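Throughout, read-outs are computed from the coordinates displayed, never taken from laboratory work. Note that the coordinates shown come from a computational prediction; the quantities given were computed from them, not determined experimentally. With ideal geometry, Cβ positions are generated from the backbone for all residues, glycine too; neighbour counts draw on all protein chains shown.
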Amino acid sequence: MAKNKDPNSKIAAENRKARFHYSILDTLEAGLVLTGTEVKALREGKATIAESYATEEGGELWLINSYVPEYLQANRFNHEPKRRRKLLVSKKQLGRLAAAVQREGMTLVPLKLYFNEKGRAKLELALAKGKNAPDKREAEKERDWNRQKSRLMKEMR
């Protein structure tokens, strides 16, 4: 399980490939508008945000293409698994994010979906720029070199 600063918070979903595919420039925490069955399904930890993204439409921020499975005990009162979910951010943050996406060609990528210490579902959202193939290779070389360097330093002790 991923390391988290707060021991009380529980990670419901994580986008582990995001840091490989994107250069993360800024992160922020956003709330989500969820139904009761979605919250219960998230607590089971089977949600997926790997292929999702956020977009600004009509002065609101939306999470698109995230998957929250149906809660089996809810029978006919269930939610739609791939529906669009509204994100809660301040107007100031929304304006800054929308401007960065429109002007600079950035993307809003969800990094993780978790429950904070109060039990509220939160989404860690990143303002990111996509990496191309040479950038990914460079990052992989850097990671390998750091790993090798730490092994050499360990052997010297």
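In plain terms, the chain from Leu88 to Gln73 could stretch by 2.6 nm, reckoned as 0.36 nm per residue minus the Cα-Cα distance. Distances between every pair of Cα atoms in the chain, grouped in 5 Å steps from 0 to the bin holding the largest one, split as 2, 8, 16, 18, 17, 14, 10, 7, 4, 2, 1, 0, 0 percent. Taking Cα centre as origin and charging only the Cβ of basic (Lys, Arg, +1) and acidic (Asp, Glu, -1) residues, the dipole magnitude of the chain rounds to 440 debye. Is the C-alpha gyration tensor of the range 65-144 telling us rounded, prolate or oblate? Criteria: a/c under 1.5 is rounded; beyond that, a/b larger than b/c is prolate, otherwise oblate. Prolate, since a/c reaches 1.5 and a/b exceeds b/c.
Across the range 142-157, rounded Karplus estimates of 3J(HN,Hα) from the backbone phi angles (6.51 cos²θ - 1.76 cosθ + 1.60, θ = phi - 60°) give 4, 5, 4, 5, 5, 5, 5, 4, 5, 5, 5, 5, 5, 5, 5, 6 Hz, Gly and Pro being marked x. On the basis of the beta-carbon distance and an R0 of 35 Å, Asn116 and Glu138 show a calculated FRET efficiency of 0.50. Cross-link check: pairs Lys40/Lys118; Lys17/Lys46; Lys46/Lys92; Lys40/Lys92; Lys17/Lys131 evaluated at a Cα-Cα cut-off of 23 Å; pairs beyond the cut-off: Lys46/Lys92; Lys40/Lys92. Angle of helix 91-104 to the longest C-alpha principal axis of the chain, folded into 0 to 90 degrees and rounded to 10: 50°.
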